[in-house]
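The values are calculated or read from the model by the stated rules, or taken from the named source; none is laboratory data. Just so you know, these numbers come straight off a predicted model, no measurement behind them. Reconstructed Cβ throughout: ideal geometry from the backbone, glycine too, with neighbour counts over all protein chains shown.
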Amino acid sequence: MRDRRIAARRSAPPAPPQVALPAPGIYPVPIYESRYGAWAQGFGNVEDRSAVGRTSINCCTALPGFAAGIPIGLTITEKSHADTYGFLGGIDYTARSLARPGDGLILGVLVGYTESDFRIKSSTTSSLVANVGNGAGTVLANLSGASTGAYATYFSGPFTADLTFKADIFDLNESFADQLAFTVNVDNAGNLVAPGVNAFSGTGSGGLTNLSTFGNLSYRLDAFGPIWIEPTVGFQYTASLFDGRAKRELGLDNGDLLMVQGGARVGTDTILANQSRLSTSLTGLVFSDVIVDGGFIQGGFFGTNLLAKSDEGKVRGRGILAVNYDVGNGVNLFAQGDVYGGDRLFGAGGKGGLRVQW
């Protein structure tokens, strides 16, 4: 069975709604009053993965005297590159002083568009080339479609909790080209057939719906001067649902992924000469895909699921640099860049946008 699995990668979550902070002489509306907000952002990400696994095939069972076959080891290598880009936007309402003075609850809805291009290269190296040759394959895949969802953020003093639900409805298009290695064998006439490599290619398409839930808890602590530290923990759960066509043409199965993360954010808030506010933060996180089960575009031709399973249980790191410029009168500009990686994984991305409150 062919295997073309790369994660239909976790879609970028929306920028956490920024709570407007007071700047003297700027805001016409008191900060503790209820407010409406709207935001928009563009994002992009690149990611490289690789995995190595080993398996074996039973060669030469048709040869006289070799009914039990000859086990031949194979080393399978898979590498993938993914480019993802898109935009998100939303509107929300902030209610204040609900459970205690000064707290607040933000409720909002979001829409967007995401597109991802994947390239997966697979190769097999035989331990006995005389009986089984080496093979190779390339898979090209594209995911594109709309996103919709809802989010909620509760804040009270230094404590913040947020939860987002997002549905990504993708069209999936895929093509592949394989060089399949065959073992030495005997044809119907009893003649010995030498091992060889045959070309095989094809295309397929279908639909994919990713249902994702994101959640985070954080608590801000004053450190010294204008410096603050904010420990944070979070999770992401994604259920991947393929339609009947994707299952028939591409052999894909539904699946799910659970990621957990934890770390801390260090930042500072600066009041500028024009009474605007500049907030800068640096975040360090460790994360792990603790559950990886199906739901992936497959890469290669041996059913190994290497790229997906190479993530499961591994601990990786992420660094995020974020800047928020509170212009005043409820207008915020924000930008963020991040890098992440670990064993056989490297990714980098960024996003930027605008938020307005009134």
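Kindly indicate the residue of segment 40-74 that is at pLDDT below 90 and among the β-branched types (Val, Ile, Thr) and also surrounded by the most Cβ atoms within 10 Å (Cβ to Cβ) among those meeting that condition. Per the stated criteria, the residue is ILE72.
Suppose the filter is in a strand (DSSP E or B), on the phi < 0 side of the Ramachandran plot and either touching a Lys or Arg at 6+ places or on another chain (Cβ under 6 Å) or of a type in the set (Asp, Glu) (or both); does VAL197 pass it? So VAL197 fails the test. Reported count of residues in segment 329-349, each being surrounded by fewer than 17 Cβ atoms within 10 Å (Cβ to Cβ) and either in contact (Cβ under 8 Å) with a residue 40 or more places away in the chain or over 24 Å from the mean Cα position of the chain (by Cα) (or both), is 5. With respect to (1) surrounded by 20 or more Cβ atoms within 10 Å (Cβ to Cβ); (2) part of a loop (DSSP other than H, G, I, E, B), the lone exception for GLY149 is condition (2).
Hey, any hits in segment 297-310 for a residue that's surrounded by fewer than 16 Cβ atoms within 10 Å (Cβ to Cβ), part of a strand (DSSP E or B) and either at pLDDT below 95 or touching a helix residue (DSSP H, G or I) at 6+ places or on another chain (Cβ under 8 Å) (or both)?
Scanning segment 297-310 turns up no residue that is surrounded by fewer than 16 Cβ atoms within 10 Å (Cβ to Cβ), part of a strand (DSSP E or B) and either at pLDDT below 95 or touching a helix residue (DSSP H, G or I) at 6+ places or on another chain (Cβ under 8 Å) (or both).
For segment 211-234, a tally of residues being surrounded by 13 or more Cβ atoms within 10 Å (Cβ to Cβ) and either outside any strand (DSSP E or B) or under 27 Å from the mean Cα position of the chain (by Cα) (or both) returns 16. Does THR84 satisfy the condition of being surrounded by 15 or more Cβ atoms within 10 Å (Cβ to Cβ), at pLDDT 95 or above, assigned to a strand (DSSP E or B) and touching a Ser or Thr at 6+ places or on another chain (Cβ under 8 Å)? Spelling it out, THR84 is indeed surrounded by 15 or more Cβ atoms within 10 Å (Cβ to Cβ), at pLDDT 95 or above, assigned to a strand (DSSP E or B) and touching a Ser or Thr at 6+ places or on another chain (Cβ under 8 Å). For beta carbons closer than 6 Å, sequence separation of 6+ or different chains, a first residue in segment 91-109 that is within 11 Å of ALA152 (Cα to Cα) and a second that is among the hydrophobic types (A, V, I, L, M, F, W, C) and assigned to a loop (DSSP other than H, G, I, E, B), the qualifying pairs are LEU105/LEU98.
When ASN198, ASN191, ASN216, ASN185 are screened for being modelled with pLDDT of 95 or more and not aliphatic (A, V, I, L, M), only ASN216 passes.
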